[in-house]
Amino acid sequence: MHAIASEREDRRRPPRVGLFVTCLVDIMRPTVGFAAVKLLEDAGCKVVVPAQTCCGQPAFNSGDRATAAALARQAIEAFEDCDYVVAPSGSCGGMLIRHYPELFAGEPEMATKAERFAGKTHELVSFLTDVLGVERVTARFDGTVAYHDSCAGLRELGVKAQPRRLLASVEGLSLVELDEAETCCGFGGLFAAKYGELSNAIVSRKADDIRKTPVGTVLAGDLGCLLNIAGKLQREGSPVRARHVAEVLAGMADGPAIGEPQKEARR
């Protein structure tokens with residue numbers, strides 16, 4: 001009887017979700033983190049934010065597997081007591097889910113922990129729709145938007161229909177498709193730093209695609225992509241604004257868009 005009662009209590013207990021904030025969100029756009037917390041709490045989750053650092057992707061992509069593995073160990077330990085780990089980024093999510101197990105292929109004990117960690121980790125919007133079954137949000141955003149599919153979210157995690165499904169429930173929002181929604185924006189983390197001219201050529205094509213589409217805002221699920229796209233649009237004088245999809249879904253898109261100056265507080 002005790003075991004049955006305990007099982008019932010577990011079913012009633014809200015899932016304990018650890019938010020993997022990501023470096024860019026923490027440093028460049030904290031509102032994305034707050035929006036993620038709101039969406040998760042609205043969906044009935046208990047959200048915790050353990051002490052954390054980088055997911056290790058820059059080190060991993062540059063061939064420094066030792067540093068990447070050290071950071072992975074920290075993350076796996078920090079989120080040990082969480083039922084789920086959720087990241088508002090397909091890029092970081094891809095690292096946590098797809099590449100952490102690779103790092104410990106020769107260490108059976110850590111490989112088991114990494115697999116278990118990967119199995120409970122999800123990108124934010126796909127977690128809301130695919131795991132929690134969220135079908136709509138109570139948010140409003142007046143305007144026409146397009147959605148850019150980031151490479152890692154799309155190709156590593158299969159994030160495509162999920163954000164569009166929830167955006168369809170946002171009052172006042174009209175979603176139109178870019179001709180090349182699935183084409184890379186040219187950011188790629190270290191890629192943009194190492195191959196600046198090539199990165200600029202790629203983001204120029206992305207900006208052209210956005211500019212010929214009748215939208216006021218471009219959305220995405222990866223802040224790296226959005227910083228790159230917003231920077232290019234602003235340098236070219238485009239009025240199109242860039243926002244993280246979580247901000248719109250949470251009803252927290254009333255502040256400055258990405259790359260815009262913060263409004264001064266009234267005295």
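The values are calculated or read from the model by the stated rules, or taken from the named source; none is laboratory data. Worth saying up front: this structure is predicted, and the values here are computed from it rather than measured. In this analysis, Cβ positions are derived from the backbone assuming ideal geometry, glycine residues included, and neighbour counts consider all displayed protein chains. For the accessible areas, the whole protein counts, side chains as well, though only heavy atoms, and no ligand, DNA or RNA atoms are used. Shrake-Rupley method; radii C 1.70, N 1.55, O 1.52, S 1.80 Å.
For the reader, a short list of remarks on this structure follows.
- Region 168-237: GluC sites (Glu not before Pro) in DSSP coil with no more than 16 other Cβ atoms inside 10 Å: Glu177, Glu180, Glu182, Glu236
- Across region 229-239, computed HN-Hα scalar couplings (Karplus, 6.51 cos²θ - 1.76 cosθ + 1.60, θ = phi - 60°) run 5, 4, x, 5, 4, 5, 5, 8, x, 6, x Hz from first to last residue, x flagging Gly and Pro.
- Mean separation of Cα contacts under 8 Å (6+ apart) over length of the chain, as relative contact order %: 18 percent
- The mean accessible area for residues of region 17-64, using a 1.4 Å probe and ignoring ligands and nucleic acids, is 45 Å² per residue.
- Taking amide hydrogens as placed 1.01 Å from N in the peptide plane, the amide H of Ser169 sits under 5 Å from those of Val137, each at least 5 positions away in sequence or on another chain.
- Along region 179-191 the Karplus relation, 6.51 cos²θ - 1.76 cosθ + 1.60 evaluated at θ = phi - 60°, assigns HN-Hα couplings of 4, 10, 4, 8, 7, 3, 8, x, 6, x, x, 4, 4 Hz to successive residues, with x for each Gly and Pro.
- For Thr121, distant residues with modelled amide H under 5 Å away: Val85
- Label zone at Asp142 (point 7 Å along Cα-to-Cβ), backbone N below 15 Å, region 226-267: 253-255
- For the chain, a crude dipole built from +1 on the beta carbon of Lys and Arg and -1 on the beta carbon of Asp and Glu, taken about the Cα centre, is about 500 debye to the nearest 20.
- Förster radius 30 Å - calculated FRET efficiency between Ala105 and Thr53 (Cβ-Cβ, nearest 0.05): 0.85
- Relative contact order, whole percent, for region 131-261 stands at 29, derived from Cα pairs under 8 Å and 6 or more residues apart.
- The solvent-accessible area of Ile27, taken with every protein chain present and a 1.4 Å probe, is close to 130 Å².
- Overall form of region 90-249 per C-alpha gyration tensor (a/c, 1.5; a/b vs b/c): oblate
- Kirkwood-Stokes translational diffusion coefficient of the chain, alpha-carbon pairs, 37 °C, 0.692 mPa s, µm²/s: 170 µm²/s
- Rounded, prolate or oblate (a/c below 1.5 giving rounded, otherwise prolate when a/b exceeds b/c) for region 2-129 by Cα gyration tensor: oblate
- Amide H partners (placed H, <5 Å) of Val48, local residues excluded: Val17, Gly18, Leu19
- Rounded to the nearest Hz, the phi-derived 3J(HN,Hα) couplings of region 140-153 under the Karplus curve 6.51 cos²θ - 1.76 cosθ + 1.60 (θ = phi - 60°) are 10, 8, 8, x, 9, 10, 10, 10, 9, 8, 5, 4, 5, x, where x marks glycine and proline.
- Within the accessible area of the chain (1.4 Å probe), percent carbon and sulfur: 52 percent
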